[in-house]
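The values are calculated or read from the model by the stated rules, or taken from the named source; none is laboratory data. All values reported here derive from a predicted model rather than from experimental measurement. Cβ: placed from backbone, ideal geometry, glycine included. Neighbour counts: every protein chain shown.
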Amino acid sequence: MCLVMENKIEKAVAERDITCYKVFYQKRGYKAIVTPFRQFRMYLKRLYTTKDCDCPYAVGKQYIVEGGCFHSFKSRQGANGFIKSQKKYDGTKGFYLVAVKCIIPKGSAYYTGTFYGSQGDYKAYASTRIQPIEIVK
């Protein structure tokens with residue numbers, strides 16, 4: 001998942017907890033959730049931190065943030081739109097795509113931009129910390 005920022009790089013620090021939605025794979029009967037692109041295993045209610053979230057690069061007049069950050073959607077609709085666009089992979093090897101309500105904790109560094117997908121364009125974040133809270137239907 002890539003975050004696209006128009007014209008400039010604006011890294012912010014969360015002044016309060018930010019609610020967001022992240023897409024994961026989950027295997028029925030397992031507690032772990034797995035990120036779709038990096039296959040990083042995570043668990044609900046745990047806080048995760050990365051140190052590699054300073055990697056935006058320019059493409060024309062836009063800036064792209066790829067790996068090294070926790071990517072999430074600003075809205076549940078964004079997460080669900082991404083899931084719809086990935087339906088052909090849903091159920092692969094017994095793993096299913098799920099939307100998870102998450103928190104970007106107060107004090108976390110983050111970028112805001114857009115995820116451009118086949119099911120629509122959605123506001124999104126790339127952050128240094130994230131805490132998955134609950135699977136949403």
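What are the residues in the range 96-121 that are at positive phi and modelled with pLDDT under 75, if any?
120
Within the range 81-95, is even one residue part of a strand (DSSP E or B) and modelled with pLDDT of 85 or more?
no
So residue 40 ticks every box in (1) among the aromatic types (Phe, Trp, Tyr); (2) closer than 12 Å to residue 130 by Cβ; (3) at pLDDT below 80 but one. Which box is left unticked?
(3)
Just to verify a result, which residue in the range 10-41, among those that are of a type in the set (A, V, I, L, M) and within 22 Å of residue 78 (Cβ to Cβ), is nearest to the chain's Cα centre (by Cα)?
Looking at the filtered set, the residue picked out is 23.
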